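Asks: Supplied in structure tokens, the structure appears directly below.
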Amino acid sequence: MKNGEKNLTIERINNNKNYYKQNCKFTHKFYQNGNTRKTKPFIATNLITREKIKEKNQRKFARENNIDHRAVQRLLNGKIKKLKVEWEFEYI
């Protein structure tokens, strides 16, 4: 596979399948680190719109929603109760 952008790694789309062209994509290592089998999926609820998002990668969610990923982790683990953002989190 070829890709012109630097700092990318190959990631399997379905981790239960082998590495082959249709099951691979290029991604930044930053995101790939959050896509391990040990990560737990969670639901993020927007308290303003009531939209619910199912996600597995805390860093990816945090970056896409302009939230500090450490705050997402602390909320999910019960270390803090509230955050000055419009999201609520729970593990599935």
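No lab work stands behind these numbers, since they all come straight from the coordinates. Computed from a predicted structure; not experimentally measured. FYI the Cβ positions are ideal-geometry reconstructions off the backbone, even for glycines, and counts take in every protein chain you see.
Asks: For labels at Thr27 and Thr39 in the simple 7 Å Cα→Cβ model, what's the distance in nm?
Replies: About 0.6 nm, to one decimal.
Asks: Mind checking which aspartates and glutamates have their C-alpha under 18 Å from Lys52, skipping anything on the same chain fewer than 8 residues away?
Replies: Glu64, Glu86, Glu88, Glu90
Asks: Can you divide the C-alpha Rg of the chain by 2.2 N^0.38 Å and report the result to two decimal places?
Replies: Against the empirical 2.2 N^0.38 Å value, I get 1.25 for the chain.
Asks: Please list, in order along the range 55-67, the HN-Hα scalar couplings obtained from phi with the Karplus expression 6.51 cos²θ - 1.76 cosθ + 1.60 (θ = phi - 60°), rounded to whole Hz, x for Gly and Pro.
Replies: My calculation for the range 55-67 gives 9, 10, 9, 5, 5, 4, 4, 4, 5, 5, 10, 6, 10 Hz in order.
Asks: Take the chain, connect every pair of alpha-carbon atoms lying under 10 Å apart with a spring to form a Gaussian network, then pick out the residue of Glu55, Glu64, Glu11 with the largest mean-square fluctuation.
Replies: Of the options given, Glu64 has the highest mean-square fluctuation.
Asks: For a Förster distance of 30 Å, can you work out the FRET efficiency between the beta-carbons of Asn77 and Lys52, rounded to the nearest 0.05?
Replies: Efficiency, from the Cβ-Cβ distance: 0.90.
Asks: Students often forget the sequence filter, so: which lysines lie under 30 Å Cα-Cα from Lys6 once same-chain residues fewer than 8 apart are removed?
Replies: Those lysines meeting the cut-off are Lys17, Lys21, Lys25, Lys29, Lys38, Lys40, Lys54, Lys56, Lys60.
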